[in-house]
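I have placed the structure first, in the form of structure tokens, so that the comments after it can refer back to it.
The values are calculated or read from the model by the stated rules, or taken from the named source; none is laboratory data. As the structure is a computational prediction, the values presented were derived from the model and not from experiment. Every residue, glycine among them, receives a Cβ derived from its backbone with ideal geometry; neighbour counts consider all protein chains shown. Only protein heavy atoms, including side chains, enter the accessible area calculation; ligands, DNA and RNA are left aside. Shrake-Rupley method; radii C 1.70, N 1.55, O 1.52, S 1.80 Å.
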Amino acid sequence: MNIIPPATPWRFCLAPMMRRTDSHFRHLISLLAPNMRLYTEMLTPNAIIFGDRHKLLDFSAIQSPIALQLGGSDPKALLESAYIAIDCGYIEINLNCGCPSNRVQSGEFGASLMKNPETLNNCVRLLTTKLPKNIAVTIKTRLGIDDIYSYDYLNNFIKRLIENGVNTFHIHARKALLKGLSPKENREVPPLNYDWVHRLKEDFPSTIFVLNGGLKNLDQIKTQLTKIDGVMLGRHAYADPYSLMEFDSQLFAKSSKQLSRSRIAELYIEYMQKQLTQNIPLRSMSRHIINLFHGQPKSKFWRKALTIQSRGKEPNINDIIVALKSVTAS
Ligand SMILES: Cc1cc2nc3c(=O)[nH]c(=O)nc-3n(C[C@H](O)[C@H](O)[C@H](O)COP(=O)(O)O)c2cc1C
């Protein structure tokens, strides 16, 4: 039985992932799961202010509504980059308080902000007071950091952010360890603790909480949605994107048309063909459909066709079309 969508637009979210949730992957996800709320990879304010903002912020029409994730701790730069993104059509600014990489630590943002709530709240206050009221300012955070790992600390951390105007939190339900673990290990080693996210929802019932971390199937998702407002999927969305179509149609009354993997591949190939005319490198797009046939008999063949360099060259679009015909024929 389908679940009727509640008021929150955060029911089903795609997690921000560096080098993964770029505009091309998000286009693929929009074909599969049109109700999913999309997040960019984490971008720094300076990259947006001084860099190639079209390359960083442009997105295809089907990706709307879309959220920008920012990683930074300079309030003015965050605000300036948020304004630029809003002009491009972004409707949510999500601040990263959970990334544990070295780059982030040296810049004192990401997960480090959990240790520096003063700095974080200065940023948040500026964003929530200056940005238009229809723009959501949201936070993606962990449960704790290093030796700061108590429910009381977390509760107080969230409480102050709510007082400063944040109404939606994406909680990666484990702590981060800044020393000794790589970013990858930081997504695997610290144990998941969903109970604290549920407690947050009980303690702040009018605030929206989105649970993230380790979700892989519909049963898990439906169970979580009985306790919190939304779920956010990261690695599973990349490993088996086609499964999102089923999740999307089960979680929303206005479900999408069920399309076959081959049809999705055709639509994505059409998209790539258009992008190629804008000189977008094929590889930057084709890499995102490598897992489209995950779990299918010909998935190995498909992966190979998209990744293997034949005769010393990358596959071209015609190679991909031929590979699709072969997969479909089986
Ligand atoms: C390759 C990769 C890149 C990531 N980049 C970001 C990022 O830019 N910003 C962020 O908040 N989290 C990032 N994350 C963490 C995810 O958003 C998510 O919190 C984490 O993977 C746990 O969710 P999952 O178990 O559904 O994957 C990244 C994760 C992966 C695997």
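Of all residues in the stretch 193-208, which are open to solvent by less than 70 Å² (accessible area, probe 1.4 Å) and part of a loop (DSSP other than H, G, I, E, B)?
Within the stretch 193-208, Asn193, Phe204, Thr207 meet the criteria.
Would you please list the contacts, defined by Cβ atoms under 7 Å and residues six or more apart or on different chains, that run from a residue in the stretch 124-138 that is in the same structural domain as Ile84 (by TED's automatic domain parsing) and within 17 Å of Ser73 (Cβ to Cβ) to a residue that is in a loop (DSSP other than H, G, I, E, B) and open to solvent by less than 20 Å² (accessible area, probe 1.4 Å)?
Within 7 Å, the pairs are Val124/Val166; Thr128/Val166; Val137/Leu131; Val137/Val166; Thr138/Val166.
Output the residues belonging to the stretch 170-179 that are surrounded by 15 or more Cβ atoms within 10 Å (Cβ to Cβ), free of Cβ contacts under 8 Å to residues at least 60 places away in the same chain and more than 12 Å from the ligand (Cβ to nearest atom).
Lys175
Would you mention how many residues in the stretch 105-128 are modelled with pLDDT of 95 or more, in contact with a strand residue (DSSP E or B) (Cβ under 8 Å, 6 or more places away or on another chain) and of a type in the set (Lys, Arg)?
0
Kindly indicate whether any position in the stretch 126-136 is within 20 Å of the chain's Cα centre (by Cα), more than 13 Å from the ligand (Cβ to nearest atom) and either open to solvent by less than 20 Å² (accessible area, probe 1.4 Å) or under 24 Å from Met17 (Cβ atoms) (or both).
For the stretch 126-136, residues within 20 Å of the chain's Cα centre (by Cα), more than 13 Å from the ligand (Cβ to nearest atom) and either open to solvent by less than 20 Å² (accessible area, probe 1.4 Å) or under 24 Å from Met17 (Cβ atoms) (or both): present.
I'd like the full set of residues that are open to solvent by 60 Å² or more (accessible area, probe 1.4 Å) and farther than 29 Å from His54 by Cα, limited to the stretch 271-300.
Scanning the stretch 271-300 gives His294, Gly295, Gln296, Pro297, Lys298, Lys300.
Can you name every one of the helices (runs of 4 or more DSSP H) wholly within the stretch 234-323 that holds 2 or more residues which are over 22 Å from the mean Cα position of the chain (by Cα) and in contact (Cβ under 8 Å) with a residue 60 or more places away in the chain?
Result: 261-276.
Check whether at least one residue in the stretch 180-202 is of a type in the set (Asp, Glu) and within 16 Å of the ligand (Cβ to nearest atom), and report yes or no.
Yes, some residue in the stretch 180-202 is of a type in the set (Asp, Glu) and within 16 Å of the ligand (Cβ to nearest atom).
Restricting attention to the stretch 91-108, which residues are under 19 Å from Gly165 (Cα atoms) and away from the ligand (no atom under 11 Å from the Cβ)?
Residues satisfying the conditions are Ile91, Glu92, Ile93.
Of everything in the stretch 63-101, what is modelled with pLDDT of 95 or more, open to solvent by 30 Å² or more (accessible area, probe 1.4 Å) and under 16 Å from the mean Cα position of the chain (by Cα)? Give them in sequence order.
Once the filter is applied, which keeps residues that are modelled with pLDDT of 95 or more, open to solvent by 30 Å² or more (accessible area, probe 1.4 Å) and under 16 Å from the mean Cα position of the chain (by Cα), the stretch 63-101 yields only Ile91.
In the stretch 38-62, which residue that is closer than 25 Å to Phe209 by Cβ and crowded, with 21+ Cβ neighbours inside 10 Å is farthest from the chain's Cα centre (by Cα)?
Going through the qualifying residues, I end up with Leu43.
Please list, ordered by first then second residue, the pairs with beta carbon atoms under 6 Å, 6 or more apart or interchain, first in the stretch 209-231 and open to solvent by 10 Å² or more (accessible area, probe 1.4 Å) and outside any helix (DSSP H, G or I), second more than 10 Å from the ligand (Cβ to nearest atom) and at pLDDT below 95.
Asp229/Thr8
Scan the stretch 232-270 for residues that are surrounded by fewer than 18 Cβ atoms within 10 Å (Cβ to Cβ) and more than 30 Å from Glu188 (Cα to Cα) and report the count.
Adding up the residues that qualify gives 14.
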